[in-house]
Amino acid sequence: EEAKPNPETTDTFDVGARYRSSKVQAQLAGWYTIFHDRLASAYDPELDRTVYRNLGRVDKYGIDGSVAWAPIKEVTLYAFGSWNMSDIKDNVQTGPDTFVPTKGKREGGSPKYTYGASAQATLGPVDLGISAKRTGPRYIYDTNQPVTSGGNVIFPAKTPAYWLVHLDARYNLAHWGPGLEETYLQFNVYNLFDETYVGGFSSSLDPSSGAPFAQIGAPRTASMTLSI
């Protein structure tokens with residue numbers, strides 16, 4: 001018989017405030033979402049398909065904020081941050097008399113917080129930029145348990161937080177001659193400090209599903225592009 005899972009539905013509430021002046025733009029928002037039949041997903045490269053799990057009711061809520069400041073026309077400073085929580089309301093039933101202890105736990109795969117800042121400056125024909133972002137820890141399993149093998153812990157319950165810093169510079173060639181107004185040389189450095197971090201992983205219900213598949217983030221990478 002064809003499976004007919006219950007569809008995921010949500011009730012969402014949010015409130016926010018925004019401030020704007022000639023030099024400052026700021027906003028702050030709070031949100032609360034109630035998920036019914038929460039369908040969390042993870043890609044399984046061995047099966048080459050996305051696997052879903054139903055967590056029942058999950059309440060997720062948080063705060064997002066940002067502020068941009070342009071003290072002078074040539075300089076813009078920007079800061080942002082978010083704090084996120086999730087609460088699984090019940091234990092997940094996996095058999096006639098079998099339940100996985102998820103009640104009161106956080107949903108796997110979602111960072112508790114993110115924050116960062118960036119700066120952009122224009123110096124004649126050159127645009128310079130730097131950005132930094134901190135991503136908080138993420139639980140691997142919905143039970144918030146560590147990764148184990150043979151009864152031994154081989155990885156903590158959550159991935160460590162990490163920083164990523166990027167640089168960019170753009171040199172406009174307009175002053176070299178007519179018709180070059182849209183021509184520029186772009187230079188980028190991704191992951192400036194060569195941070196080793198877990199980029200993405202296949203979060204799942206509990207350790208009985210085995211160790212997850214993880215993708216290590218890209219190392220320091222530099223690139224140069226000529227756009228004509």
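The values are calculated or read from the model by the stated rules, or taken from the named source; none is laboratory data. In this text, all values refer to a predicted model and were calculated from it rather than measured experimentally. Counting neighbours? That spans all protein chains shown, and the Cβs are built from the backbone with ideal geometry, glycine included. To get the accessible areas, we keep the full protein, side chains included, count just its heavy atoms, and leave off ligands, DNA and RNA. Shrake-Rupley method; radii C 1.70, N 1.55, O 1.52, S 1.80 Å.
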Legend entry - Failed item, numbered, when Lys112 is tested on (1) modelled with pLDDT of 95 or more; (2) farther than 29 Å from Leu226 by Cα; (3) open to solvent by 30 Å² or more (accessible area, probe 1.4 Å): (1)
Inset, instruction - Please go through the stretch 125-147 and pick out each residue that is hydrophobic (A, V, I, L, M, F, W, C) and assigned to a strand (DSSP E or B). - result: Val126, Leu128, Ile130, Ala132, Val147
Legend entry - Tabulated pairs, the stretch 198-225, first within 30 Å of Leu185 (Cβ to Cβ) and in contact (Cβ under 8 Å) with a residue 40 or more places away in the chain, second of a type outside the set (Lys, Arg) and surrounded by fewer than 14 Cβ atoms within 10 Å (Cβ to Cβ), C-beta under 6 angstrom, 6+ apart or interchain: Gly217/Gly199
Inset, instruction - Kindly indicate whether any position in the stretch 127-140 is under 27 Å from Ile72 (Cβ atoms), at pLDDT 95 or above, open to solvent by 30 Å² or more (accessible area, probe 1.4 Å) and polar (S, T, N, Q). - result: yes
Legend entry - Test: Lys89 is within 16 Å of Thr33 (Cα to Cα), under 18 Å from the mean Cα position of the chain (by Cα), of a type in the set (Lys, Arg) and at pLDDT below 95: no
Legend entry - Residues located in the stretch 55-89, provided they are farther than 30 Å from Leu128 by Cβ and part of a strand (DSSP E or B): Val58, Asp59, Lys60, Tyr61, Gly62, Ile63, Trp83, Asn84, Met85, Ser86, Asp87, Ile88
Legend entry - Those residues of the stretch 148-161 which are assigned to a strand (DSSP E or B), free of Cβ contacts under 8 Å to residues at least 40 places away in the same chain and over 9 Å from Pro137 (Cβ atoms), in sequence order: Asn152, Val153
Inset, instruction - Please work out which one of (1) more than 15 Å from the chain's Cα centre (by Cα); (2) closer than 30 Å to Val58 by Cα; (3) surrounded by 12 or more Cβ atoms within 10 Å (Cβ to Cβ) is the condition Gly151 fails and give its number. - result: (3)
Inset, instruction - Take the residues in the stretch 42-53 that are in a strand (DSSP E or B) and either of a type in the set (Lys, Arg) or open to solvent by 60 Å² or more (accessible area, probe 1.4 Å) (or both), then tell me which one is modelled with the highest pLDDT. - result: Arg53
Inset, instruction - Please work out which one of (1) farther than 21 Å from Leu123 by Cβ; (2) under 22 Å from the mean Cα position of the chain (by Cα) is the condition Asp168 fails and give its number. - result: (1)
Inset, instruction - Would you check if Pro96 is more than 23 Å from the chain's Cα centre (by Cα), touching a residue at least 24 places away in the same chain (Cβ under 8 Å) and surrounded by fewer than 16 Cβ atoms within 10 Å (Cβ to Cβ)? - result: no
